[in-house]
1. What is segment 172-339 by shape, rounded, prolate or oblate, if you read a ≥ b ≥ c off the alpha carbon gyration tensor as root eigenvalues and call it rounded for a/c under 1.5, prolate for a/b larger than b/c, and oblate otherwise?
2. Mind checking the angle between helix 328-340 and the chain's longest principal axis? C-alpha axes, 0 to 90 degrees, to the nearest 10.
3. For the chain, with a Gaussian network of springs between Cα atoms less than 10 Å apart, report the residue from 244, 291, 170 with the top mean-square fluctuation.
4. How much length is gained if the chain between residue 277 and residue 95 is pulled fully straight, taking 0.36 nm per residue apart and subtracting their Cα-Cα distance, in nm to one decimal?
5. Using r as the Cβ-Cβ distance of residue 33 and residue 241, and R0 as 51 Å, what FRET efficiency do you calculate, to the nearest 0.05?
6. In whole Å, what is the distance between the alpha-carbon centres of segment 168-200 and segment 1-38?
7. Pick from 130, 220, 245: which residue has the top mean-square fluctuation in a GNM of the chain where Cα pairs under 10 Å get a spring?
8. Tell me the label-point distance for the pair residue 52, residue 6, using the 7 Å Cα-to-Cβ offset, in nm and rounded to one decimal.
């Protein structure tokens, strides 16, 4: 399989593959590289799990639609996921298809799903991962019911609760230590991640352009991650001490024509994993800290300083309930502070003192 670019064509991106039945090379043309890559992912899935779909109609070998594999392929075609989304979905369905791919879709029962859940757990997979992968299969079965392929989706076993691993965010001292040995583009990631509370990665921080930074109004317009379709964008205030830093960065980037705030020699950055791990090691930090934990540091310090949880959640583009679930240890300290400011009851203290032998 391959993707090639042929200049001068109306649809220049060509996806090639070898038909497993005829042995001949086949191709399809697309107008964009993104479309070609998506098609390439789907063809890889067909070659691995749905080989019969490559049979010609004149061979009277029409693909069936009554197996889990066949239904899943139809599900992928209709949903039209992005390349990344399709790859994740296919990976999530790898074990279910290996175990039940040939099973007639109408024969899959709760008993089969229970055995699948146990098989996933037996691989050493974390409970939250078992839940996410089983949820993909559940979505496929419900889609089959909606399309009338099966009468109704089978009852699903109780899935593990969505308990995510909590990481201790970096302290201000650790952030300063990492920043002191970091590359220039990583310094920007560290400062903005810990000072703006945005999601550190391609979903938010690495996609911020200088057109999104309004230094006159002192706000950054952040295009929200896809997990928040109800909030396509939000404005994050720029604190006073950060304003001259951003102004200096913008002046530097205008000189070299850099479009993105986070860049490497003018080119957009999509990952800082290697630079981050190098800086953490040079800073002498041995515990695990992720770039994404800079966002957690923002929330921790803001809540610990007495900021309103709802406002912090709004700045971060998050749900206040989720924020409290992740930062309960900070909220507990605030609760204790509230209890300690209550006035003493003199009579109650006198009574307690009198009862002490």
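1. oblate
2. Between helix and principal axis, roughly 20 degrees.
3. Its mean-square fluctuation being the largest, the pick is 244.
4. Going from the current span to full extension adds 62.3 nm.
5. 0.75
6. 43 Å
7. Among 130, 220, 245, the largest GNM mean-square fluctuation belongs to 245.
8. Label-label distance for residue 52 and residue 6, simple model: 3.3 nm.
The numbers here are math on the coordinates, done by the rules we state, and not lab data. From a predicted model like this one, the values you see are computed outputs, not experimental measurements. Reconstructed Cβ throughout: ideal geometry from the backbone, glycine too, with neighbour counts over all protein chains shown.
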